[in-house]
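Everything on this sheet refers to the single structure shown next.
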Amino acid sequence: MTDHRDDRITFTVAINGHSRSITTHACATLLDVLREELSLTGTKKGCDMGACGACTVLVDGRRIKSCLALAVMQDGRDVQTIEGLAPDGGFHPLQQAFIDHDALQCGYCTPGQIMSAIGLIREGRATSEASIREYMSGNLCRCGAYPHIVAAIADAAGTKP
Amino acid sequence: MNPFTYRRARDARDALGMASNPGVSFIAGGTDFMQLWKAGISAPDLVVDISRLALDTVETYGGGVRIGALARMSDVADHPDIRDGYPVMAQALLASASPQVRNAATIGGNLLQRTRCVYFRSGALPCNKREPGSGCSAQEGENRQHAIFGASTLCAAAHASDLAVALVALDARVRLASRDGERTLALEDFFRSPDTQPECDTVITPGELIVAIDVPAGAWARHSHYLKIRDRASFEFAVVSAAVALDVADGRIRMARVAAGGVGTKPWRLRACEAALAGAPPDTATFTMAARLAGEGARPLRRNAFKVELLERAVLRALKTVREEP
């Protein structure tokens, strides 16, 4: 980490498996750096206040809200975004499940829903549809596609109905 | 949004050294800090990153448990010692915020989170907590969510932390470090009432850092429960909550701990309920009689009188739940 002693700092973050050197303002959120500096616009800005979950990414494998995270604090960490899920042009099983179950309408919340669902499955919380609903509560869908989102996650996770 | 300078602390000593100047904020999980900063409520000149300090462990100590201030909410909730030995804490944590926030937010930060009072957060109308001396819009305004215990004419904002309610019920103590050394005080005394200086939520002084929470051992901790009543099923702050813990032996309650959330300007211990439970058999008659005392001393505002009965019912249901658990 290099502190330029103005208001900019240079640090290194692994983004979807690739090491990236980033120079930005100390106050910049991880969400703004992903979208504005790295052109990774798959991660969405909804409320920008931690309420909607559209900005969900994985840091060191754990789901967080990137709008509530300072970019500089991710120095040396591993960040995974929706763009890194299917590197060979195919679909990640969760992406395919969202298509199969028609789990989106406008699609704006979908990257956050999918990244959050990956976190949920890793946390071992995809044990029932009720558990999926509870542990997806940090992701809002204003189109109201919730039943299909839960079905898609249950399908991808092999949750018994 | 006021720009700030950022420094990462190498260790606790380095952090405390930087924090001795005015206009400094610590940041760890950042989940509440970022909201306060974006809303213009917090405008530090220097933000000191303490997230990499080695203060994130959960360890047994003197029969109780010591939780590092930088332990993440999700890690503490899933820790086997907490899940099995202090269910009221694990349940309060899992009822808080959302999974993404719990993965980032720390225990120390949870205790220092600011109120969710709409007047404090929005800044559109007077708020003594946000702008000292400007007035309290909740006195005559939208006060359905506000406190029925501990409020003054200066402020009626309810304390938002679920974890703090569980910890106060368990007689937890908070360990604070500064350049002058360490001090430890009861968590209940850590939070301030808004009789004066409603802008100060706690007795923490500038330059002090929460380093750990000590939760003493007690036979009641294992038989404990957190019940949270909300306006929606998940990802919402409490309208009313109840933390209860019972030590039952030979058909009698030896010791009871009852605290409430969503109703006080700070986590509110219900000692009248505890006294009514102590020595009595753990049956529905005892629980009903004790729960009726939950609202004793309440001073509701125009739109939140319903919280008195809701609190009595929450305490009763939480007590019955503890009895039914093995």
Here the percent of antiparallel bridges among DSSP beta bridges lying wholly in the stretch A:2-84, to the nearest 5, is 90 percent
Let me check I've understood the local charge: for A:Thr29, count other residues with C-beta under 12 angstrom from its C-beta, Lys and Arg +1, Asp and Glu -1. What total comes out? 0
Please give the average number of partner chain Cβ atoms lying within 10 Å of the Cβ of each residue in B:28-35, rounded to a whole number. 5
In square nanometres, what is the average projected area of the Cα convex hull of the stretch B:106-186? 6.9 nm²
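Tell me, B:Leu319, B:Leu16 in order of fewest to most beta-carbon neighbours within 10 Å?
Sorted ascending by nearby Cβ count, the order is B:Leu16, B:Leu319.
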Excluding residues fewer than 8 positions from B:Lys307 in its own chain, the lysines with Cα under 18 Å of it are B:Lys228, B:Lys266
About the Cα centre of the stretch B:1-97, what is the dipole size in debye to 20, counting +1 per Lys and Arg Cβ and -1 per Asp and Glu Cβ, all else neutral? 280 debye
Please report the antiparallel percentage of DSSP beta bridges with both residues in the protein assembly as shown, rounded to the nearest 5. 85 percent
Determine which lysines satisfy two conditions relative to A:Lys65: a Cα distance under 19 Å, and not lying fewer than 8 residues away in the same chain. A:Lys44, A:Lys45, B:Lys38
Relative contact order of the stretch A:93-157, defined on C-alpha pairs under 8 angstrom at six or more residues apart (%): 52 percent
Could you work out, residue by residue across A:113-124, how many beta carbons of other chains sit within 10 Å of that residue's beta carbon, and then give the average as an integer? 1
What does the helix-only formula give at 222 nm for chain B: each DSSP H stretch with n ≥ 4 adding -39500 (n - 2.57), the total divided by the residues, and the result rounded to the nearest 500 deg cm²/dmol? -8000 deg cm²/dmol
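How well do other chains shield peptide B:102-109, expressed as the mean number of their Cβ atoms within 10 Å of each residue Cβ?
Per-residue shielding by partner chains comes out at 3.
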Across bins of 20 angstrom width beginning at 0, how are the C-alpha pair distances of the protein assembly as shown distributed, in whole percent? 23, 55, 21, 1
Sequence-separation-based contact order of chain B, relative, with Cα cut under 8 Å and 6+ spacing, percent: 17 percent
quick note, the stretch B:1-126, DSSP beta bridge pairs, % antiparallel (nearest 5) is 40 percent
With a Förster distance of 45 angstrom and the Cβ-Cβ distance between B:Asp84 and B:Gln197, calculated FRET efficiency to the nearest 0.05 equals 0.65
Mind putting a number on the dipole of chain A about its Cα centre? Charges go on the C-beta only, +1 for Lys and Arg and -1 for Asp and Glu, and I need it in Debye to the nearest 20. 280 debye
Computed D for the stretch B:164-227, Stokes-Einstein, Kirkwood radius over alpha-carbon pairs, 25 °C, 0.890 mPa s, to the nearest µm² per second, is 187 µm²/s
Among B:Phe306, B:Phe191, A:Phe98, which comes first, then next, by fewest other beta-carbon atoms within 10 Å? B:Phe306, B:Phe191, A:Phe98
Simple Cβ-charge dipole of the stretch B:215-326, Lys/Arg +1 and Asp/Glu -1, about Cα centre, in debye nearest 20: 420 debye
What FRET efficiency comes out for A:Ser21 versus B:Ala278 if R0 is 60 angstrom and r is the Cβ-Cβ distance? Round to the nearest 0.05. 0.45
Want the number for B:Glu131 to B:Ala12: 0.36 nm per residue separation, take away the alpha-carbon distance, what's left? 39.7 nm
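Show me the ranking of peptides B:100-109, B:65-74, A:70-79 by mean Cβ neighbours inside 10 Å, starting with the highest.
B:100-109, B:65-74, A:70-79
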Report the far tail of the P(r) of chain B, meaning the percent of Cα-Cα pairs longer than 34 Å. 21 percent
Within a Gaussian network of chain A (alpha carbon springs, distance under 10 Å), most fluctuating of A:Asp88, A:Asp100, A:Asp48: A:Asp88
When a footprinting reagent is the concern and you count Cβ atoms within 10 Å, what order do B:Ile50, B:Ile204 take, fewest first? B:Ile204, B:Ile50
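None of the figures in this text is laboratory data; all of them are computed from the coordinates on show. It should be emphasised that the depicted structure is a prediction, and the values quoted were computed from it without experimental measurement. So basically every Cβ, Gly included, is an ideal-geometry build from the backbone, and we count neighbours across all protein chains shown.
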